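This report concerns only the one structure given below.
The values are calculated or read from the model by the stated rules, or taken from the named source; none is laboratory data. Worth saying up front: this structure is predicted, and the values here are computed from it rather than measured. Positions of Cβ are generated from backbone atoms using ideal geometry, with glycine treated the same way; all protein chains shown enter the neighbour counts.
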Ligand code: SF4
């Protein structure tokens, strides 16, 4: 595990002592490099991207979320017994994550980020999973910081979009193709064939959905 602290930078907002939370839970990371590892999920509310196929639309509206003190979130996370924390959303970078990451770091937790990359970076993380969304511009800095590029594939046309995004990340960034869940039976054989011919990519399955867990 990469324990090097990532770059920390200023972001949209000043770090606040509370954040809007859609849900928190202990589960298994189902996607990408850390797939299969136990993790405590902090799903923050708020997203400006409004992707048509979003499976987390309930997270968009911050006004419907519960506000939680960062201290409370950190206590919940550390009390869960998890070593790994996944900060996800919504789009978590819509918030300033410096304060939350600082407090989690004090508890010696591994901190993973799931982001679409469309908002200014904040916080520091052991692992940054970047999942660009079609038609949504990724900020250049977020390409530079990504440890993992995860491209959701619905149709064969998405492979070229995946390659364009792969050309923007660092050489050591891990590359994953993930079938869109509703299209998986149709697109999975095409992804398998694509990866055979393009071995820099690996497959990411939504293990939590296959296991029928949260
Ligand atoms: S970025 Fe993620 S949370 Fe936001 S609308 Fe798109 S899929 Fe949904």
Pairs under 8 Å by beta carbon, first residue without any contact (Cβ under 8 Å) to a residue 60 or more places away in the chain and under 19 Å from residue 150 (Cα atoms) in region 33-58, partner part of a loop (DSSP other than H, G, I, E, B) and more than 10 Å from the ligand (Cβ to nearest atom), six or more apart or different chains?
37/29
Does residue 124 fit the bill of being over 10 Å from the mean Cα position of the chain (by Cα) and not in a loop (DSSP other than H, G, I, E, B)?
no
Please go through region 158-181 and give me each residue that is over 15 Å from residue 146 (Cα atoms) and touching a residue at least 40 places away in the same chain (Cβ under 8 Å), ordered by number.
178, 180, 181
Limited to region 111-121, what total is found for residues that are outside any loop (DSSP other than H, G, I, E, B), within 22 Å of residue 205 (Cβ to Cβ) and in contact with a helix residue (DSSP H, G or I) (Cβ under 9 Å, 6 or more places away or on another chain)?
3
Checking residue 40 against (1) in contact with a strand residue (DSSP E or B) (Cβ under 9 Å, 6 or more places away or on another chain); (2) within 16 Å of the ligand (Cβ to nearest atom), which single condition isn't satisfied?
(2)
Within the set of pairs 6+ apart or on separate chains, which have a first residue in region 117-142 that is modelled with pLDDT under 95, a second that is within 11 Å of the ligand (Cβ to nearest atom), and C-beta atoms under 8 Å apart?
134/51
Is it the case, given these coordinates, that residue 39 is more than 30 Å from residue 200 (Cα to Cα) and crowded, with 17+ Cβ neighbours inside 10 Å?
no
Consider residue 2 carefully, then state whether it is more than 16 Å from the ligand (Cβ to nearest atom), at pLDDT 95 or above and under 18 Å from the mean Cα position of the chain (by Cα).
no
Can you find a residue that is surrounded by 17 or more Cβ atoms within 10 Å (Cβ to Cβ), out of contact with any helix residue (DSSP H, G or I) (no Cβ under 9 Å at 6 or more places or on another chain) and over 18 Å from residue 34 (Cβ atoms) anywhere in region 124-134?
yes
Could you list, in sequence order, the residues of region 89-131 that are farther than 14 Å from residue 142 by Cα and within 15 Å of the ligand (Cβ to nearest atom)?
89, 90, 95
Of all residues in region 48-68 being touching a helix residue (DSSP H, G or I) at 6+ places or on another chain (Cβ under 9 Å) and outside any loop (DSSP other than H, G, I, E, B), the one that is nearest to the ligand (Cβ to nearest atom):
58
